[in-house]
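Chemist: Please see the structure below; I have some questions.
The values are calculated or read from the model by the stated rules, or taken from the named source; none is laboratory data. Because the structure is predicted, anything quoted here is derived from the model rather than measured. Please note: Cβ atoms are built from the backbone with ideal geometry, for glycine as well, and neighbour counts cover all protein chains shown.
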Amino acid sequence: MKTPGQDTFEGQILALLPSLRRYSRSLTRSDADGEDLLQDCVEKVLARRGQWRGLNLRGWVLTIMTNLYRNGRRQTDRAPFVELDNAEDTVSVDPAPDPLERSRLEDALNSLSEENRSVLMLVVIEGYTYQEVATALDIPIGTVMSRLSRARQRIGERMKADNVITLRRPK
Amino acid sequence: MNEINQTVTEADLHAYADGQLPDQARGRIEAWLSDNPDDAARVAEWTARNADIRSLFAAYEKSTDADIGLVTGRRQPASWSKRLATMAAIIAIFGLGALSGHYGPTLFERPDLQLTELETLPNEARNAFLVYAGEVRHPVEVFANEEAHLATWLGKRLAVQDLKVPNLQELGFKLVGGRLLPVDGGPGAMFMYEDQAGERLTVLVGRNADNRSTSFRFASSGNIETFYWIDGELGYAVTGEVSRDVLRKVAEECYRQFPS
């Protein structure tokens, strides 16, 4: 397959794909869901390329992905569909010391609503300012702050279940 | 000083944790935090968690061979929306099934309550301990003198490659042996250990494809303590009539030795 030129629209999207992949995975519950969301987003972006105003391509794509995620998730019932992915599908470049701690954190993230999760991830993963989140999602900044606050509170509660004792695998 | 500090809001604390404040404002928040340990703890928790979340997803920032196909329109089949459609279809089919079950003859009695392995594991572990730890002559099927055979045999039944029987010598427990037994409706393994005083404890391992990893949890019943956890598809439980502290060390040691 021919690689699209760097200054073509496709080429610019291609260059964004790695970081888009990280963001889409941060919104979803499994590697497969993350890839699917990424694929749908790219498909939509390509189809709508005429609507892009020529500025901040990345921001435009992130907004499209966030909306796809929020709309898509709303269509399903809230039952968590959990998949255990094949070990070879997961890459661990920088694993947290304790795999159980990682999975507790993922569980806590999976317990967030789409609204709260996407605000948190835009801030934490994408490094958006609160104002940028407000603009990207077309919501008031006060709403950004309350969603962020709720997300953090919820994670905090989930992470300290009282009959759970955290052990660290000694190195 | 205090008058200025009183204007610190929760939003300021978030902004501080997220590195969204100019230097001058940071100084003001830091002064506030040094006087308000509760807020300082919250901010520290958020900051650490930000790093954990970034670390959790950092590895996904990569390109794949399929990326070019993705932007040139030659994409792979299954997609987010198709999967949702599939889900909807599955739900619809189950819905039909449920309806026909309601109006038709009852073919399957659905159990009242489906417990996940996380819920059944501590009970199964306690029962296995009660039944086998008291056995004098036949506590296990395969004794420790055939440890290699024990590991291969039970590893095969559990579909675990290179199953290692945990070595708890450093904690003063010697392997007695092990046996095959049902765990969560499938083949499971039990290993038994005893210390010099003859105090026994058991380690139970079971597999369930529906499992999701958890942290360590404990359950008590009378004097019997169980530590249990799920790592991937495998559920583990360590049970004994020993102190929770000892058992926790055993659990920690098993967790360290079992493949993750």
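Chemist: Which of the residues belonging to the stretch A:125-138 are of a type in the set (A, V, I, L, M, F, W, C) and touching a residue at least 40 places away in the same chain (Cβ under 8 Å)?
Modeler: So in the stretch A:125-138, the residues of a type in the set (A, V, I, L, M, F, W, C) come out as A:125, A:133-134, A:136-137.
Passing the criteria: A:ILE125, A:ALA136, A:LEU137.
Chemist: Another question, then. Give B:ALA17, B:ALA48 a once-over and let me know the one that is under 37 Å from the mean Cα position of the chain (by Cα) and more than 9 Å from chain A (Cβ to nearest Cβ). Show your work before the answer.
Modeler: Numbers: B:ALA17 fails: more than 9 Å from chain A (Cβ to nearest Cβ).
The match here is B:ALA48.
Chemist: Take the residues in the stretch B:184-193 that are out of contact with any helix residue (DSSP H, G or I) (no Cβ under 6 Å at 6 or more places or on another chain) and more than 17 Å from B:LEU150 (Cα to Cα); name whichever of them is modelled with the lowest pLDDT. Explain how you work it out, then say what you get.
Modeler: So the first thing to find is which residues in the stretch B:184-193 are out of contact with any helix residue (DSSP H, G or I) (no Cβ under 6 Å at 6 or more places or on another chain), and the list is B:185-186, B:188, B:191-193.
From what is left, the residues that are more than 17 Å from B:LEU150 (Cα to Cα) are B:185-186.
On the way: B:GLY185: 81, B:GLY186: 86.
In this case the residue turns out to be B:GLY185.
Chemist: Between B:ARG26, B:ARG83, B:ARG75, which is surrounded by 12 or more Cβ atoms within 10 Å (Cβ to Cβ) and at pLDDT 90 or above? Spell out how you get there, then give the answer.
Modeler: Values: B:ARG83 fails: at pLDDT 90 or above; B:ARG75 fails: at pLDDT 90 or above.
None of the other options fit; the residue is B:ARG26.
Chemist: Another one. For the stretch A:3-60: of the residues being in contact with a Gly (Cβ under 7 Å, 6 or more places away or on another chain) and assigned to a loop (DSSP other than H, G, I, E, B), which is farthest from the other protein chains (Cβ to nearest Cβ)?
Modeler: Residue satisfying both the conditions and the ranking: A:GLY5.
Chemist: Give me the pairs, please: first residue somewhere in the stretch B:7-20 and assigned by TED's automatic domain parsing to the domain that holds B:ASN50, second residue anywhere and surrounded by fewer than 18 Cβ atoms within 10 Å (Cβ to Cβ) and of a type in the set (Lys, Arg), beta-carbon distance under 7 Å, and either six or more positions apart or on two chains.
Modeler: Note: pairs meeting the criteria are B:TYR16/B:ARG26.
Chemist: Let me ask you something else. Out of B:ASP195, B:ASP184, I need the residue that is surrounded by 18 or more Cβ atoms within 10 Å (Cβ to Cβ) and among the acidic types (Asp, Glu). Which one? Outline the logic, then answer.
Modeler: Working: B:ASP195 fails: surrounded by 18 or more Cβ atoms within 10 Å (Cβ to Cβ).
Matching residue, one of B:ASP195, B:ASP184: B:ASP184.
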